[in-house]
Amino acid sequence: MQRSILGLGVALALLFPAVESRADCKVPPSLNQCKTCHSLEPGKPSRATGPSLHGVVGQPAMHAGDFKGYSEAIKAAQGKGLTWTDDNLFNYLADPKTFLAGINGQPLKNAMMFQLKDETKRKAAIEGLKTIAACQ
Ligand code: HEC
């Protein structure tokens, strides 16, 4: 009995691997607000309103090669070596303009007109980005 249940599980896993990985790739609720401007799913192109955020954690700034709308501020910050560590994401999300002005040593035009002040929500959003990055 036990063996046949195990066999059935293996057979299902072999038959439906794609379905299973798609289920893992649901965008976590902590990223709901980001969806207004950003695409998050693997393989999805950037939207006109913002770069794709899939796999952004740990990457240098301007990681989405297909996004045309990067601002002066983020270009300058990338030139200064900005990488999206947890800490940098945490501070950027609270106030993108001020964070980038700090990196650049001067206020330049920034394009993300969104702030997430609540610390718990910011931490959850960063965890959400990591979760979605694990999806292929
Ligand atoms: C109103 C639209 C909007 C919303 C909402 C928004 N963003 Fe953005 N985001 C942008 C734009 C536009 C940029 C490009 C910034 C620039 O060039 O200065 C950006 C850039 C970024 C970057 C840098 C990407 C890179 O390639 O370097 C990160 C990280 C990011 N956003 C995270 C988030 C997260 C996480 C959320 C949700 C909690 C969010 N954003 C919500 C518009 C938005």
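Bear in mind that the values in this text are calculations on the coordinates, not laboratory data. As the structure is a computational prediction, the values presented were derived from the model and not from experiment. In this analysis, Cβ positions are derived from the backbone assuming ideal geometry, glycine residues included, and neighbour counts consider all displayed protein chains.
What do you reckon, is Leu53 part of a loop (DSSP other than H, G, I, E, B) and more than 17 Å from the chain's Cα centre (by Cα)? Before you say what the answer is, go through the steps one by one.
Values: part of a loop (DSSP other than H, G, I, E, B): yes; more than 17 Å from the chain's Cα centre (by Cα): no.
When the stated conditions are applied, Leu53 does not pass them.
Output the residue which, of all residues in region 82-135 that are more than 11 Å from the ligand (Cβ to nearest atom), of a type in the set (S, T, N, Q) and within 20 Å of Lys35 (Cβ to Cβ), is surrounded by the fewest Cβ atoms within 10 Å (Cβ to Cβ).
Thr120
How many residues does region 109-136 contain that are free of Cβ contacts under 8 Å to residues at least 40 places away in the same chain, assigned to a helix (DSSP H, G or I) and either in contact with a His (Cβ under 6 Å, 6 or more places away or on another chain) or polar (S, T, N, Q) (or both)?
Summing the residues that are free of Cβ contacts under 8 Å to residues at least 40 places away in the same chain, assigned to a helix (DSSP H, G or I) and either in contact with a His (Cβ under 6 Å, 6 or more places away or on another chain) or polar (S, T, N, Q) (or both) in region 109-136 gives 1.
Taking only region 56-81 into account, find how many residues are surrounded by 18 or more Cβ atoms within 10 Å (Cβ to Cβ) and part of a helix (DSSP H, G or I).
Residues in region 56-81 being surrounded by 18 or more Cβ atoms within 10 Å (Cβ to Cβ) and part of a helix (DSSP H, G or I): 4 in total.
Hey, among the residues in region 49-67 that are in contact (Cβ under 8 Å) with a residue 12 or more places away in the chain and more than 9 Å from the ligand (Cβ to nearest atom), which one's farthest from Ala124 (Cα to Cα)?
To start, the set of residues in region 49-67 that are in contact (Cβ under 8 Å) with a residue 12 or more places away in the chain comprises 49-64, 66-67.
Next cut, more than 9 Å from the ligand (Cβ to nearest atom) only: 54-55, 58, 66.
Values: His54: 16, Gly55: 16, Gly58: 16, Asp66: 26 Å.
Among those residues, the one meeting the criterion is Asp66.
Can you tell me which residue is surrounded by the fewest Cβ atoms within 10 Å (Cβ to Cβ) among those in region 25-43 that are more than 10 Å from the ligand (Cβ to nearest atom) and under 24 Å from Leu82 (Cβ atoms)?
Ranking the qualifying residues of region 25-43, first place goes to Pro42.
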